[in-house]
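The values are calculated or read from the model by the stated rules, or taken from the named source; none is laboratory data. Since the model is a prediction, treat every value here as computed from it, not as a measurement. Note that each Cβ is placed from the backbone with ideal geometry, even for glycine, and that neighbours are counted across all protein chains shown. Heavy atoms of the whole protein, side chains included, go into the accessibility calculation; ligands, DNA and RNA do not. Shrake-Rupley method; radii C 1.70, N 1.55, O 1.52, S 1.80 Å.
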Amino acid sequence: MKLATRRMGRDGELMVVDPGLSIARSVPEVAMTLQAVLDDWEKLAPALREVDQRLRNGLARGTRPLEFDALAAPLPRAYQWLDGSAYVNHVELVRKARGAEMPERFWTDPLMYQGGSDVMLGARDDLAAVPEDWGLDFEAEVAVILGDVPRGAGPEQCSEAIRLITLVNDVSLRGLIPDELGKGFGFLHSKPPTAFAPVAVTPDELGDAWRDGKVHLPLRVHRNGEFFGAPDAGVDMTFDFPTLIAHAAATRPLSAGTILGSGTVSNRDRSTGGCCIAEKRMLEILDEGEVKTPFLRVGETIRIEMLDADGNSIFGAIEQQVVASVADPPRTDAPGTETRA
């Protein structure tokens, strides 16, 4: 089953999407928003699956063409956004480039931060340009959207709480990170709003590619239309998603609608390329002694996508452009925006 959220008010309108990402149907008779379904998954998900089956059989009424520009993030605002660093190879490269040893416990104790979740960007939303020394970077990741997770849940129970899977561009301002981490209190200014793929899918949509709590497919990244990287998300993932979820729930419950990211996908095999500019710059320092790749600038574009074994887009693509000015999302319904009583 594939789900999307059409822009409407603050939390959007839930839609069931066909496997080919060509048509969709709103489901007000089931739920208006994705959060409502996550809150009552066992009761409402079967009704959504019935709509999904009718879409697959060409029997669904009230469908419309899927317009990617009209879609918000699957959860336009979420109760919680957590981001891990499951690809320890990436962390090791970061530290090696600045001559720092990586603590051995990083291989057994996941890194994770809690980011802002009140504003989530859609897949076609622009990225706001920043001063060049702030270092605007993309980070292509896989993420899971959860049902309720009780405090202290183990990996097996956490696995059962994974409702949906999607892709993420965890936008970072690299130039601001060192000072913020130096304060010893985590990220704030260095992490602008995160962007999400147009569609979130249930794990069964991935078939054999979803196993061992990982997505075993390449995550494809293009910068300005040119290939940047396609590391396999299932390779070199030190901590699988159930382990990351259990880590997050060690001392507190996680509410339905919590989103948890994998961290930047990274492979030890450098021929696969990478999923962020910072990693490429690190490798340039290690291999050539100097940085050659700049961070994002006005006018540049980034595309993040994952294809199935037949070459079909699973989640739709995150396609963003860096622009000089981006308006903040409206706090209430803007004039002309559809609303529903």
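Structural remarks
- Within region 68-89, considering residues that are touching a residue at least 60 places away in the same chain (Cβ under 8 Å) and of a type in the set (D, E, K, R), the one farthest from Tyr113 (Cα to Cα): Arg77
- Answer residue from region 279-310, given it is among the charged types (D, E, K, R) and surrounded by 15 or more Cβ atoms within 10 Å (Cβ to Cβ) and is nearest to the chain's Cα centre (by Cα) among those: Glu305
- Lone qualifier among Ala4, Ala47, Ala36 - being in contact with a helix residue (DSSP H, G or I) (Cβ under 8 Å, 6 or more places away or on another chain) and of a type in the set (Gly, Ala, Ser): Ala36
- For region 191-216, a residue qualifies if it is out of contact with any strand residue (DSSP E or B) (no Cβ under 7 Å at 6 or more places or on another chain) and either under 26 Å from Arg105 (Cβ atoms) or surrounded by fewer than 20 Cβ atoms within 10 Å (Cβ to Cβ) (or both), and the qualifying residues are Asp204, Gly207, Asp208, Arg211, Asp212, Gly213, Lys214.
- Only listed residue being assigned to a strand (DSSP E or B) and of a type outside the set (D, E, K, R), chosen from Ile304, Ile245: Ile304
- Being of a type outside the set (Ser, Thr, Tyr), at pLDDT 95 or above and open to solvent by 10 Å² or more (accessible area, probe 1.4 Å) is a property that does not hold for Arg174.
- Evaluation of Val27 against the conditions (1) within 23 Å of the chain's Cα centre (by Cα); (2) of a type in the set (A, V, I, L, M); (3) open to solvent by less than 10 Å² (accessible area, probe 1.4 Å) shows that the sole unmet condition is (1).
- Matching option when the condition is in a helix (DSSP H, G or I) and either of a type in the set (Ser, Thr, Tyr) or touching a residue at least 24 places away in the same chain (Cβ under 8 Å) (or both), among Leu286, Leu296, Leu260: Leu286
- Any hit, region 186-197, residues being in contact with a Phe, Trp or Tyr (Cβ under 6 Å, 6 or more places away or on another chain), among the hydroxyl-bearing types (Ser, Thr, Tyr) and touching a residue at least 24 places away in the same chain (Cβ under 8 Å): no
- For region 69-90, the condition holds for at least one residue, the condition being that it is in contact with a Lys or Arg (Cβ under 9 Å, 6 or more places away or on another chain), in a strand (DSSP E or B) and not charged (D, E, K, R).
- Enumeration of residues in region 144-185 that are closer than 30 Å to Gly207 by Cβ, touching a helix residue (DSSP H, G or I) at 6+ places or on another chain (Cβ under 9 Å) and hydroxyl-bearing (Ser, Thr, Tyr): Ser159
- Filtered residue count, region 115-171, keeping only those that are part of a strand (DSSP E or B), more than 17 Å from Thr194 (Cβ to Cβ) and open to solvent by less than 10 Å² (accessible area, probe 1.4 Å): 1
- Considering residues of region 36-55 that are out of contact with any strand residue (DSSP E or B) (no Cβ under 9 Å at 6 or more places or on another chain) and buried (at least 16 other Cβ atoms within 10 Å of the Cβ) only, the residue nearest to Pro74 (Cα to Cα): Asp39
- Among the conditions (1) under 19 Å from Thr258 (Cα atoms); (2) in contact with a strand residue (DSSP E or B) (Cβ under 9 Å, 6 or more places away or on another chain); (3) surrounded by fewer than 22 Cβ atoms within 10 Å (Cβ to Cβ); (4) modelled with pLDDT of 95 or more, Phe187 misses just one, which is (4).
- Extreme residue, farthest from Pro155 (Cα to Cα), among residues of region 263-277 that are touching a strand residue (DSSP E or B) at 6+ places or on another chain (Cβ under 7 Å) and either open to solvent by less than 10 Å² (accessible area, probe 1.4 Å) or assigned to a loop (DSSP other than H, G, I, E, B) (or both): Ile277
- Identity of the residue in region 217-233, open to solvent by less than 30 Å² (accessible area, probe 1.4 Å) and of a type in the set (A, V, I, L, M, F, W, C), that ends up farthest from the chain's Cα centre (by Cα): Phe228
- Residues in region 5-38 that are in a strand (DSSP E or B) and hydroxyl-bearing (Ser, Thr, Tyr): Thr5, Ser26.
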